[in-house]
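Below you'll find the structure, written out as structure tokens, and then a few comments.
Derivation of every value follows stated rules applied to the coordinates shown; laboratory data play no part. What you see is a predicted model; the values in this text were computed from it and never measured.
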Amino acid sequence: MCPLSKCHNGETVYIKSINGGAKLRGKLHAMGLMPGDPLEIISSNNGPLLVQSRGIKLAIGLGMAENIMVACNCSCPRYRERCHGC
């Protein structure tokens, strides 16, 4: 498990947890992001990360991305069929 900010272009990762307060969790929830959701990293260059989740592209600032813990496999049964392990 690592912060989303450490991921590279082309990777698909799954949200495991959100390390932050209610405001951050609320903002991510409003963006449609929840633990268990897959994220495809489109661009992780020196600015906001550009990710895609369920066909929607989102920009996530580096500060916010530091608090989103992800893994390359998923234990959420909703997405188990999409998981291929590490």
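The table below lists the values:
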{"quantity": "Translational D in µm²/s for segment 2-82 (Stokes-Einstein at 10 °C, 1.306 mPa s, Kirkwood Rh from C-alpha pairs)", "calculated": "128"}
{"quantity": "Sequence-separation-based contact order of segment 2-82, relative, with Cα cut under 8 Å and 6+ spacing, percent", "calculated": "41"}
{"quantity": "Hits among lysines - C-alpha to C-alpha of residue 6 under 18 Å, sequence gap 8 or more where chains match", "calculated": "16"}
